[in-house]
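S.K.: Pasting a structure below so you can have a look.
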Amino acid sequence: MGMCETKYPGLTQDVLEDYTSLTYLNKGEILYLMKKFYSIDPEKIENDYNHRFKKEDIINKFHVLKNNPFQDRLIRVFSSRKDNCFSFEDLLDLCSAMSPECPSEVKAAWAFQVFDIDEDNQISTADICFILDRLTWDPNNRANYLDKESKLKIADVILKEINLDRSGSIGISEFKLILARIPEFATSFYFRL
């Protein structure tokens, strides 16, 4: 009975139960994600349940990523092999972190990784400037951007407010502490399936 398969090869009832206990997603959400993931190329999933699809395939199928200014960072952070490809479990990790059921502290840990652009375990002036570029740059209107001086001023203000240990950058504990004080964070680090 526990080994009964869903209509997707490899996704047994036991595996589905495991996914629901290990993520912040319910069975319906997991099945919905598998349906979309499977539809990228059913034959590849049937041959290898752990097949890894390229970033472009994931973005084309999951439109919530299409216009996200951090799509490459989300793919990089949630790709278990850091190869810009996604297995189904990588997709579950991403969607679980973006779920409204995911606790704010867990979301903050993932958000820190996304915003730590240079992956040095600190959010520095350079990371903040890069984040600002992503949030303000409009490729259709090149006049719409922040100049370097403005970005440095904003980064300086952010670091003065958030960098509690005065190290010159923001560590994960500071990041989590600040985000815990921002009630809107949980609803902004979120997307609807």
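The values are calculated or read from the model by the stated rules, or taken from the named source; none is laboratory data. None of these values were measured; they are calculated from a predicted model. Note that we place each Cβ from the backbone using ideal geometry, even for glycine, and neighbour counts take in every protein chain shown. The protein model used for the area step is the full one, side chains on, heavy atoms only, and it has no ligands, DNA or RNA in it. Shrake-Rupley method; radii C 1.70, N 1.55, O 1.52, S 1.80 Å.
S.K.: List the lysines whose Cα sits under 16 Å from the Cα of LYS61, skipping any in the same chain fewer than 8 residues away.
M.R.: LYS35, LYS36, LYS44
S.K.: Oh, and also: Could you work out how far the C-alpha centroid of the range 79-98 sits from that of the range 114-193, in angstrom?
M.R.: Between the Cα centres of the range 79-98 and the range 114-193 lies a distance of 23 Å.
S.K.: Let me ask you something else. Please compute the net charge surrounding CYS129, taking Lys and Arg as +1 and Asp and Glu as -1 over other residues with Cβ under 12 Å from its Cβ.
M.R.: Around CYS129, the charge tally is -2.
S.K.: In the range 85-193, which GluC sites (Glu not before Pro) fall in coil by DSSP and have 16 or fewer other Cβ atoms within 10 Å?
M.R.: Sparse-neighbourhood loop GluC sites (Glu not before Pro): GLU101, GLU119, GLU184.
S.K.: Tell me, what is the percent relative contact order of the range 42-193, built from C-alpha pairs under 8 Å that lie six or more residues apart?
M.R.: 23
S.K.: Let me ask another. At a 1.4 Å probe, what is the % contribution of carbon and sulfur to the accessible area of the range 47-124?
M.R.: 43
S.K.: Roughly how tilted is helix 27-40, in degrees to the nearest 10 and between 0 and 90, from the longest Cα axis of the chain?
M.R.: The answer is roughly 90 degrees.
S.K.: Counting only heavy atoms of the protein chains, get the accessible area per residue of the chain (1.4 Å probe) and round it to a whole Å² value.
M.R.: Solvent-accessible surface per residue comes out at 57 Å².
S.K.: Using only Cα atoms, tell me the angle between helix 125-136 and the longest principal axis of the chain; keep it within 0 to 90° and round to the nearest 10.
M.R.: 70
S.K.: Return one quarter of the surface area of the convex hull spanned by the alpha-carbon atoms of the range 26-182, equal to its mean projected area, in nm².
M.R.: Result: a mean projected hull area of 10.6 nm².
S.K.: Sticking with this structure for a sec: What area, in nm² and to one decimal, does the C-alpha convex hull of the range 125-193 cast on average over all directions?
M.R.: Over every viewing direction, the Cα hull of the range 125-193 projects on average to 6.2 nm².
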